[in-house]
Structure formats: C-alpha cells, structure tokens
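Worksheet: the structure to be examined is printed underneath.
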Amino acid sequence: MMILNSSTMKKTKNKLLKDAAFVNGKEVKGKKTFEVINPATLKPITVMADLSPKEIEKAIDSAYTAWRKWKDTPIERRSNILQTWYQLIVDHTDELAEIMTLESGKPLRESKIEVNYGGSFINWFAQEAYRTYGDQIPFPQQGKKILTIKQPVGVAAAITPWNFPLAMVTRKVAPALAAGCSVVLKPASQTPLTAIAIAHLAKQAGLPDGIFNVITSKDASGVGTLLSTSTKIRKLSFTGSTMVGKTLMEQAASTVKKISLELGGNAPFIVFDDADLDAAVKGAIAAKFRNTGQTCVAVNRFLVQESIFDAFAEKIKQKVQQLQVGNGLKKGVDVGPLINQSGLQKVIEHVEDAVEKGATILTGGKAMKGLFYEPTVLTDVPLTAKLAKEETFGPVVSLFRFKTEEEGIDLANHTEFGLAAYFYSENIKRCWRVAEALEAGMVGINEGAISTAVAPFGGIKESGLGREGSKYGIDEYMELKYLCFGL
Ligand code: ADP
C-alpha cells in the first residue's frame, strides 16, 4: 500500500491500515484517489480509492446477491460470526486505536475506549440476533389465528460521520447483520480507514463476501443520492448533520425506504442550585470535552442557576485550564485538534460572535497552531449568540444564567433539536419533574457519560428518527409481518 506519511507509518507497520475500498470481500483500488489527512499534523496518512458511481452500483449488486443467502443463514451462525468479529476487534485494539487517532485526531486513550464501545455493539447484537421475537395475537372471534414474524428488511445502506470512525459504523452494521441484512457503508471521507480495517476483520471472522461492503468516495452528495434512491436498497441509516439528513430523507422518499436518522443536537446541561457542584463539574468535562467537543451529544449550552453560577464558573474554569492540548498520539493529551479547517473556523466564529454580543472569556478563546483551539470558557453568553442556537462542535464551554426551574427547562427546550440533555440536582422530586419535561431522546441525570450499547440512542424533534443500540436497535433493520391463518 502507498503510505505518504512514511515517517509516521513506517515506524508503526500497522497491517490494518489499507488504501482501498472493500467490496464483495475484495480490495478495490479505484481509478481515482483522495488523500486522508491527519488533522494533528495536516499531513496525508495515505490515499484512498475514490470509487466511481459504476463501482458503487457494483457494490450494491454484490450486497443484494449476498443478502439472499445471508437472510436464510441460521441465526446461530450469524451470531457466531459476529461474536468472532467482536473478539478480533478487541484483539486488535492497539492497531485500530492508532488508525483512529491518525485519521480523526482524537487522543489515543479515547480511541481505545471507542474500540471497546464500538465493539460492544457487535457483542450485544450477536446476542440480540436470538431474540427477534414475534407475537401470537388472540383473535377475538373464532376461526382465525394471528401471528407476527420479523424478517430482515434487505440491503441496508449506512452513511457515517468522522467523529466516531468505529462506533458509528458498528452501531449500524452489527444490528443489520444480526437481523439478516447485508450492508453498503459509506464512511466519512475524512475517516474511512478504521471502517475498512474492521471490514477486513469481519472477513477474517468468517463473514461471507458481499455482506459488508465499504465504499469510499469524495463525492458525498453523489453517493448519498445513489444510495437513497437505489431500488435494491430497502433501508438507509444515516448519522450526520440535520441538513444532510433532511436531504437524504427527501431522496429516500422516492423509494419509500425505511430510514433511521441520527442528526445534530444542541444539548443543554442544567446545573440547579441543589446540585453537587463537584459532581456536576466532573460530568460537565466528560460531556463537553470528549473528542474535543465534536460529539452529537456534546453539551452546547451550560444553563446554571443564578445562586451557584459564580461558584460553578470558577470550578469549571479551573478544570478546563488543566486540560492538555496536543497530538492525540502523545501521552497525557486530553484535547486533540478539530477535524478540519471549516470545523476550526466555526469555533472561531462562534466565540467571536458571542464576545461581540457581550459574553466574557474566562479562559482560552484563541486558535492555536494548525487545527488546535484552546479549551475555552465563556460566561454570560447572550441567547442571541450563535453558540446558543447552533452546534459549535468544539472545546468551548458557554455558560448561561437562569433564575427558576421553569426558566431553566424553557431555556433547555428552546431549540429545534432534541438529542441529549443533562442536568444535576440532588432533589429526587425535581429529578423526575425535569427528566419528564426535557424534550430530548436521552437524559443524563447527575451523569455526563450516557452512551452505551445496551440503551436506546436517538433523538426527537429535528435530531432524528429511530434508535440505535439496545433491544430496540435491531427492529430498525427488520420488517414486521402479520400472518392470518384461517381455520
Ligand atoms: P458532519 O458535520 O458530521 O461532517 P455531514 O452530514 O456533513 O456531517 O457528514 C456526515 C456524513 O454524511 C459523511 O459521511 C459525509 O460524507 C456524508 N455527507 C455529506 N454530505 C452529504 C450529502 N449531501 N448526501 C449524502 N451524504 C453526505
């Protein structure tokens, strides 16, 4: 394979780092290529195949042909393959984490956690494959028997973002394979390497050719149109921005595909006057700075009750000042680079806009060299600031004040998004009230780290449709059929 950044990669000899797409169990180089850039050094890691529409059509055809056997493959076999795949991923944690840090910039410690977290979806759905139960429904009169069965929907297309190069893939591919679907995956062009690496491991685990195809391309919208309008594809699962999600939903309407969308968020984090402040600060750092603030459940707005505002601001400022920024491969680094120039530009603009409108910088507030940005705390951010309305996707804590519980909830819900929300309070009655009142698909109560394969992940309002993980996740890849027996 061609490694452009030989100084980094020659030393690592990472056998899972590939430069080709993976279709029908084989590497596909493609006539054109694009560079995959390391955001920490801005140097290319390798080149990757830029597949043509024709080659993508071929991948869809392979998935379709392979699916017809896979859907009838015994559950036990499907489950065993998934289990072996999971084990191979765990066994290759170091190689996968290194690839992930190289292409996404996230600290190596976080990459290792993601290998584990991403792998856990495969482990979970290997078990869930056994539990795709139907019902027997009592018929109220005589003469008929009613049953429901679940069947795989068919070929599933998955489009994934760059912020979790492994977990966003397994969260879709594992339930699809467990259900008996085949998959055509288009990972983000910034981070295709981890996805391809795990596809090779899936083959090693015994997954038949054509069941899991990874197509790579620089033409995101062209591939999006192809996948969402193909008549051979029956399911589209997308994680990414709300804007692109809406376009895909429109396009998928032409073939009435089953769709799952996990879109943008604008997560509030409410700190009430009866909160344990130290616990709140700990949760805040976890929920804000993971992956340099580039997660869809990252806190965007810290809403802090007036009487404890100054104390919370001081505590979080102190913690933020301790965060180490740098290349994720270096030991002790907490915060890596932004993914690219436009990601960095957005953070710069959001902070400038907030300051212009009256916010004060408590710490940070400046771009560093390359794609790095100082971990930042802004206080008294006005509600008119872009930070209050749009996902910043960067290492910026923005603090807003509120007076009453009702005002806190109203502010939290004052957004078209509804993915994650967090709040801290030691009062159990308040916990119930607020948890029920928050308009979000997921609520962290005295907890800043909410993602796990065993719970349903997903949003309401413009944050999406459907759920990933948990006992509900496999249904996204199955159709419910009802059988009526006349007697
Ligand atoms: P992000 O802000 O996370 O980059 P995007 O929605 O732009 O969010 O990207 C998420 C995924 O969607 C990536 O795989 C990207 O390549 C893909 N994508 C971007 N634009 C389109 C589009 N118009 N149609 C289909 N997929 C797209």
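The values are calculated or read from the model by the stated rules, or taken from the named source; none is laboratory data. Since we're looking at a predicted model, the values are computed, not measured. Note that each Cβ is placed from the backbone with ideal geometry, even for glycine, and that neighbours are counted across all protein chains shown. Quick note on the areas: whole protein, heavy atoms, side chains included, nothing else; ligands and nucleic acids left out. Shrake-Rupley method; radii C 1.70, N 1.55, O 1.52, S 1.80 Å.
If you count, for each residue, the other Cβ atoms within 10 Å and average over each peptide, how do 67-75, 313-321 line up from highest to lowest? Please report the intermediate quantities before stating the final value.
Numbers: 67-75: 14.4, 313-321: 18.1.
Per-residue mean Cβ counts within 10 Å order the peptides as 313-321, 67-75.
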**Fill in**
Regression test value, accessible area per residue of the chain, probe 1.4 Å, units Å², expected 42 Å²
**Asked** When the Karplus curve 6.51 cos²θ - 1.76 cosθ + 1.60 is applied with θ = phi - 60°, which whole-Hz ³J(HN,Hα) does each residue of the range 253-268 get, with x for Gly and Pro?
**Response** 5, 5, 10, 6, 6, 6, 10, 10, 10, 10, 10, x, x, 8, 5, x
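Under 8 Å for C-alpha pairs, at least 6 residues apart: give me the relative contact order for the range 349-440, rounded to a whole percent.
21 percent
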**Asked** Using 0.36 nm per residue, how much length does the chain from THR229 to GLU406 gain when fully extended, once their Cα-Cα distance is taken away?
**Response** 59.2 nm
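I want the local charge near VAL397. Using Cβ-Cβ distances under 9 Å, sum +1 for each Lys or Arg and -1 for each Asp or Glu among the other residues. Can you show the working numbers first?
Values: positive: LYS288, LYS317; negative: none.
For residues surrounding VAL397, the net value is +2.
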**Message:** Going by average Cβ density within 10 Å per residue, which order do the peptides 191-197, 360-366 take, highest to lowest?
**Reply:** 191-197, 360-366
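To the nearest 0.05, how large is the calculated FRET efficiency for ALA286 and CYS484 if R₀ is 41 Å and r is the Cβ-Cβ distance? Before the final figure, lay out the partial values.
On the way: r = 51 Å, r/R0 = 1.24.
E between ALA286 and CYS484, to the nearest 0.05, is 0.20.
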**Message:** Could you compute the net charge surrounding PHE34? Neighbours are other residues with a C-beta less than 15 Å from the C-beta of PHE34; K and R count +1, D and E count -1.
**Reply:** +1
**Message:** Could you give each residue of the range 377-394 its phi-based ³J(HN,Hα) in whole Hz, using Karplus coefficients 6.51, -1.76, 1.60 with θ = phi - 60°, and x for Gly or Pro?
**Reply:** 10, 10, 10, 6, 6, x, 5, 7, 5, 4, 3, 7, 10, 10, 5, 7, 6, x
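At a 1.4 Å probe radius, carbon and sulfur cover how many percent of the accessible area of the chain? Each step should come with its number before you reach the end.
Numbers: 10890 of 20260 Å².
The value for the chain is 54 percent carbon and sulfur by accessible area.
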**Message:** Greater than 32 Å separation of Cα atoms is the criterion. Which listed pairs, LYS112/LYS319; LYS58/LYS461; LYS15/LYS54, meet it?
**Reply:** LYS58/LYS461
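From the mean inverse distance of alpha carbon pairs (Kirkwood) and the Cα radius of gyration, derive Rg over Rh for the chain. Can you show the working numbers first?
Details: Rg = 23.1 Å, Rh = 23.3 Å.
Here Rg/Rh amounts to 0.99.
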**Request:** In nm, give the distance between the simple-model label positions of TYR130 and GLU57, each being 7 Å from the Cα along the Cα-to-Cβ direction.
**Result:** 4.4 nm
**Prompt:** So, in Å, what gap is there between the alpha-carbon centers of the range 73-89 and the range 211-287?
**Reply:** 26 Å
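If you count, for each residue, the other Cβ atoms within 10 Å and average over each peptide, how do 34-40, 348-354 line up from highest to lowest?
Details: 34-40: 21.4, 348-354: 19.9.
Per-residue Cβ counts within 10 Å, averaged per peptide and sorted highest first, yield 34-40, 348-354.
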**Item:** Principal axis dimensions, the range 267-452 - Cα atoms, whole angstrom, descending
**Value:** 47, 35, 29
**Message:** I'd like the Karplus ³J(HN,Hα) series for the range 329-339: coefficients 6.51, -1.76, 1.60, θ = phi - 60°, whole numbers in Hz, and an x wherever there's a Gly or Pro.
**Reply:** 6, 7, 4, x, 7, 9, 10, x, x, 6, 5
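Between GLN324 and SER221, 0.36 nm times their residue separation minus their Cα-Cα distance comes to what? The partial results should precede the final answer.
Working: separation 103, 0.36 × 103 = 37.08 nm, distance 3.65 nm.
This chain segment gains 33.4 nm when fully extended.
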**Complete:** Helix 93-104: inclination vs the chain longest Cα principal axis, degrees, rounded to 10, gives 60 degrees
**Message:** As I understand it, the value is the acute angle between the Cα axis of helix 341-356 and the longest principal axis of the Cα atoms of the chain; what does it come to in degrees, rounded to 10?
**Reply:** 30 degrees
**Request:** On a 0 to 90° scale, report how tilted helix 193-204 is relative to the longest principal axis of the chain, with both axes built from alpha carbons and the result rounded to the nearest 10.
**Result:** 30 degrees
**Message:** Please compute the contact order of the chain in relative form: average sequence separation of alpha-carbon pairs under 8 Å and at least six residues apart, divided by the residue count, as a percent.
**Reply:** 18 percent
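Give the whole-number value, in cubic angstrom per residue, of the convex hull volume spanned by the C-alpha atoms of the range 1-158.
On the way: hull volume 25.5 nm³, N = 158.
Convex hull volume per residue, Cα atoms: 161 Å³.
Given axes a ≥ b ≥ c from the Cα gyration tensor, I'd like to know whether the range 298-358 is rounded (a/c under 1.5), prolate (a/b larger than b/c) or oblate.
On the way: a/c = 2.77, a/b = 1.29, b/c = 2.15.
Judged from the Cα gyration tensor, the range 298-358 comes out oblate (a/c at least 1.5, b/c at or above a/b).
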**Asked** For the range 174-198 and the range 153-167, what is the separation of their C-alpha centers, rounded to whole Å?
**Response** 5 Å
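Report, in listed order, any pair from LYS32/LYS258; LYS172/LYS203; LYS172/LYS346; LYS31/LYS186 with a Cα-Cα distance greater than 22 Å. Don't jump to the answer; show the numbers that get you there.
Numbers: LYS32/LYS258 32 Å; LYS172/LYS203 17 Å; LYS172/LYS346 29 Å; LYS31/LYS186 18 Å.
Going by Cα-Cα distance, LYS32/LYS258; LYS172/LYS346 fall outside the 22 Å limit.
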